[in-house]
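Presented below is the structure to which this report refers.
The values are calculated or read from the model by the stated rules, or taken from the named source; none is laboratory data. In this text the structure is predicted, and so the values were computed from the model without any measurement. Virtual Cβ from ideal backbone geometry, glycine too; neighbours counted across all protein chains shown.
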Amino acid sequence: MELLQNLLGLEAGLTVWTVLKIVAIVAPMMITVAYLTLAERKVIGWIQLRIGPNRVGPRGLLQPLADGVKLLMKEIILPTASNKSLFLIGPVLSIMPALVAWAVVPFTDHLVLSNIDASLLFVMAITSMGVYGVIVAGWASNSKYAFLGAMRSAAQIVSYEIAMGCALVGVLMVSGSLNLVAIVQQQAHGMAGGSLFSWNWLPLFPMFLVYLISGVAETNRAPFDVAEGESEIVAGFHVEYSGMAFAVFFLAEYANMILVAAMTAIMFLGGWLSPFPASWGFLGASGFGWLAVKMAFVLYCFLWFRATFPRYRYDQIMRLGWKVFIPVTLVWLLVVGAWMMSPLTLWH
Amino acid sequence: MNFQTVVFYVLSAILIFASLRVITAKNPVHAALFLVLAFFTSAGHWLLMQAEFLAITLVLVYVGAVMVLFLFVVMMLDVNFEQLREGFWRNLPLAGTVALIMVGEMALILMSPEAQLSHYQAAAPLAADASNVKELGRQLYTTYLLPFELASVVLLVGMVAAIALTMRKRKDNKTVNPGLQVKVRRDDRVRLVKMDAEKKPAQPETADAAEQQA
């Protein structure tokens, strides 16, 4: 950084340095997205006793590249009756929040692009804008299936955001901070001395479940994929999109999945903390590796859910969100509040 | 002119443009989306004033929830735009006069010395580790506890009233009771009958007869 500032002057150097850091976050994430699609097809294949993609490259490892090239080559079709400008803005509105939220996600104690005070709120605010991509795309396509998908998605995302927010209130009550780094550091000390059992997932278990399931619903993944619902409304909101415009929606969905996995790991599973005591040497050291392992576990759960559960009926989704999750989180908020005030408190 | 001033003017220009488009856009969906842009830009203004909690909450509540529902409704409207624009020019002089009077009144109030606007200092720059959220929470739950609780009760009453007004039993309601659905056992739906897979043929010779015919 000093080198760049000497070369380019104080402000230009800082700008270039920040841009480099952004690239260092976005580029690995795009690669992760690409290989997450391969992992999804492989894992679901194995669960269904198939092999999955195995033709491109050794063991099918180059399949994501082939998919990317294919999508790049295809023509982007603009439907004549669509609203042209909004039709093109739709995918942008969808991928933008999925990328911006990474600005405040910490990877270790110090490795974070922007360590702002209210980073948890920032992530919630930015991800809540993701629904515009879906709605705008569905409306601008001027197609009945796309519009149905957009309507379903809007109602679903708004409902589950409330449950998600209530679950996060529990996390910030016990950590006393909205800062993601502080939330992880708080989990490092507690009853069980910073090991597996002092992380938030255990005392906040109902909220952990609500957050994880709401995360699946927020990213429009199966079994909550009524916005796409291939067997009901063809492909939902992106039925009119082709080529790269479709690929951008795809990228946004997977980037959001990784984001939800990172947030779950940071808020409930101790982030980059090691589950083993510090005396275990390599295994006991906390670092980005552990965060990656936890994210991979949550992502695997996403794939597992998709291969296991049939799609929810629409009224069941609404019932689960409003009548089950929100009351559960509200009751547990009271429990946690009383717990924190009682002499049995785990949090100081 | 430092960087913040430049950002302020850029944001203001976007805000004014978006607000104008909210009322001039022909398509109501476009108008609603411009309103979203206006909210988002004003959140940027609040960030410039170091009110990051308010800025983020504005995005979270208005952009992320309220406007989504708004857009939801607007998209499903079937409005005849020609009919809406009818009589625009006829009513313009009256509406314009009212608007001008309102602007004039507001300007008079703001410019009068009694408003004491000049007494307000520019906000002192906050320390780098100052927490907006903590400060706001402390104020809300100590100094302003009663108004805060009253506001919540008013909101709760509004919510209950809105639900009570719109809750009507419909005749063609097809709601199912999930509790009953879960409680259903196999015996309630299916009756298993023990019987032979097929009836014994009455005359064993028929098979031979069929063969002979072939």
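Please determine, by comparing only the residues of segment A:143-163 that are touching an Asp or Glu at 6+ places or on another chain (Cβ under 8 Å) and within 11 Å of chain B (Cβ to nearest Cβ), which one is nearest to A:PHE268 (Cα to Cα).
Filtering segment A:143-163 down to residues touching an Asp or Glu at 6+ places or on another chain (Cβ under 8 Å) leaves A:143, A:146, A:149, A:157, A:160-161.
Applying the additional criterion that residues be within 11 Å of chain B (Cβ to nearest Cβ) yields A:157, A:161.
Values: A:ILE157: 22, A:GLU161: 17 Å.
Restricting to residues being touching an Asp or Glu at 6+ places or on another chain (Cβ under 8 Å) and within 11 Å of chain B (Cβ to nearest Cβ), the top hit is A:GLU161.
I want to confirm something. Restricting to segment A:98-116 and keeping residues that are within 14 Å of chain B (Cβ to nearest Cβ) and either part of a helix (DSSP H, G or I) or at pLDDT 85 or above (or both), which single residue is farthest from A:VAL26 (Cα to Cα)? Can you show your working first?
Within segment A:98-116, the subset within 14 Å of chain B (Cβ to nearest Cβ) is A:100-101, A:103-104, A:114-116.
If we keep only those that are either part of a helix (DSSP H, G or I) or at pLDDT 85 or above (or both) as well, we get A:100-101, A:103-104.
Details: A:VAL100: 10, A:ALA101: 11, A:ALA103: 10, A:VAL104: 13 Å.
Across segment A:98-116, the extreme among qualifying residues is A:VAL104.
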(request) Evaluate segment A:87-97: report whether one residue or more is β-branched (Val, Ile, Thr), closer than 22 Å to A:TYR241 by Cα and more than 10 Å from chain B (Cβ to nearest Cβ). (result) yes
(request) State the number of residues belonging to segment B:146-191 that are acidic (Asp, Glu) and surrounded by 10 or more Cβ atoms within 10 Å (Cβ to Cβ). (result) 1
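Return the total of residues in segment A:88-112 being among the small types (Gly, Ala, Ser) and under 17 Å from A:LEU20 (Cβ atoms).
Looking only at segment A:88-112, we keep the residues that are among the small types (Gly, Ala, Ser), and these are A:90, A:94, A:98, A:101, A:103.
Retained after the next criterion (residues that are under 17 Å from A:LEU20 (Cβ atoms)): A:103.
The number of residues fulfilling the criteria is 1.
Within segment B:64-73, track down each residue that is more than 12 Å from B:VAL29 (Cβ to Cβ) and more than 7 Å from every other protein chain (Cβ to nearest Cβ).
Of all residues in segment B:64-73, those more than 12 Å from B:VAL29 (Cβ to Cβ) come to B:64-66, B:68-69.
Correct list: B:VAL66 only.
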(request) For segment A:117-129, name all the residues that are closer than 14 Å to A:GLY215 by Cα and either more than 9 Å from chain B (Cβ to nearest Cβ) or over 13 Å from the mean Cα position of the chain (by Cα) (or both). (result) A:VAL123
(request) Could you please give the count of residues in segment B:33-45 that are at the interface with another protein chain (Cβ under 10 Å from one of its Cβ atoms) and within 15 Å of the chain's Cα centre (by Cα)? (result) 3
(request) Identify all residues within segment A:117-136 that are under 18 Å from B:LEU37 (Cβ atoms) and assigned to a loop (DSSP other than H, G, I, E, B); write none if there are none. (result) A:SER128, A:MET129
(message) Restricting to segment A:317-348, and then to whatever is part of a loop (DSSP other than H, G, I, E, B) and free of Cβ contacts under 8 Å to residues at least 24 places away in the same chain, can you tell me which residue is surrounded by the most Cβ atoms within 10 Å (Cβ to Cβ)?
(response) A:THR345
(request) Kindly indicate the residue of segment A:55-95 that is among the hydroxyl-bearing types (Ser, Thr, Tyr) and surrounded by 15 or more Cβ atoms within 10 Å (Cβ to Cβ) and also modelled with the highest pLDDT among those meeting that condition. (result) A:SER94
(message) Here is a check on your reading of the model: is A:LEU38 in a helix (DSSP H, G or I), touching a residue at least 12 places away in the same chain (Cβ under 8 Å) and more than 21 Å from the chain's Cα centre (by Cα)?
(response) no
(request) Give just the number: which of (1) touching a residue at least 60 places away in the same chain (Cβ under 8 Å); (2) of a type in the set (Gly, Ala, Ser); (3) part of a helix (DSSP H, G or I) does A:SER82 not satisfy? (result) (3)
(request) Show the residue pairs that are 6+ apart or on different chains and have beta-carbon atoms under 9 Å apart, the first residue being within segment B:49-63 and within 7 Å of another protein chain (Cβ to nearest Cβ) and without any contact (Cβ under 8 Å) to a residue 12 or more places away in the chain, the second being in a helix (DSSP H, G or I) and surrounded by fewer than 20 Cβ atoms within 10 Å (Cβ to Cβ). (result) B:LEU60/A:GLY165
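Quick one: would you say B:LEU15 is crowded, with 18+ Cβ neighbours inside 10 Å and more than 14 Å from every other protein chain (Cβ to nearest Cβ)?
Yes: the conditions hold for B:LEU15.
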(message) Can you go through A:PHE305, A:PHE282 and tell me which one is aromatic (Phe, Trp, Tyr) and in contact (Cβ under 8 Å) with a residue 40 or more places away in the chain?
(response) A:PHE305
(request) Would you mind telling me which numbered condition in (1) of a type outside the set (Val, Ile, Thr); (2) farther than 19 Å from A:LEU93 by Cβ; (3) more than 12 Å from every other protein chain (Cβ to nearest Cβ) B:MET76 fails? (result) (3)
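Filter segment A:284-316 for residues that are within 14 Å of another protein chain (Cβ to nearest Cβ), assigned to a helix (DSSP H, G or I) and of a type in the set (D, E, K, R) and give the result. Break it down stepwise before answering.
Residues of segment A:284-316 that are within 14 Å of another protein chain (Cβ to nearest Cβ), as a first pass: A:312-316.
So of that shortlist, the ones also assigned to a helix (DSSP H, G or I) come out as A:314-316.
Once the filter is applied, which keeps residues that are within 14 Å of another protein chain (Cβ to nearest Cβ), assigned to a helix (DSSP H, G or I) and of a type in the set (D, E, K, R), segment A:284-316 yields only A:ASP315.
Taking segment A:193-225 only, how many residues are part of a helix (DSSP H, G or I) and under 14 Å from A:SER159 (Cα atoms)? Break it down into steps so the answer makes sense when it comes.
Looking only at segment A:193-225, we keep the residues that are part of a helix (DSSP H, G or I), and these are A:196-198, A:205-218, A:225.
With under 14 Å from A:SER159 (Cα atoms) added as a condition, the list becomes A:210-211, A:213-218.
Residues in segment A:193-225 being part of a helix (DSSP H, G or I) and under 14 Å from A:SER159 (Cα atoms): 8 in total.
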(message) Among the residues of segment B:135-142, are any acidic (Asp, Glu), closer than 27 Å to A:LEU178 by Cβ, assigned to a helix (DSSP H, G or I) and within 14 Å of chain A (Cβ to nearest Cβ)?
(response) yes
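A:TRP139: in contact (Cβ under 8 Å) with a residue 40 or more places away in the chain, assigned to a helix (DSSP H, G or I) and aromatic (Phe, Trp, Tyr), yes or no?
Working: in contact (Cβ under 8 Å) with a residue 40 or more places away in the chain: yes; assigned to a helix (DSSP H, G or I): yes; aromatic (Phe, Trp, Tyr): yes.
Yes: the conditions hold for A:TRP139.
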(request) Run A:TYR241 past the list (1) within 20 Å of the chain's Cα centre (by Cα); (2) closer than 26 Å to A:LYS70 by Cα and report the number of the one that doesn't hold. (result) (1)
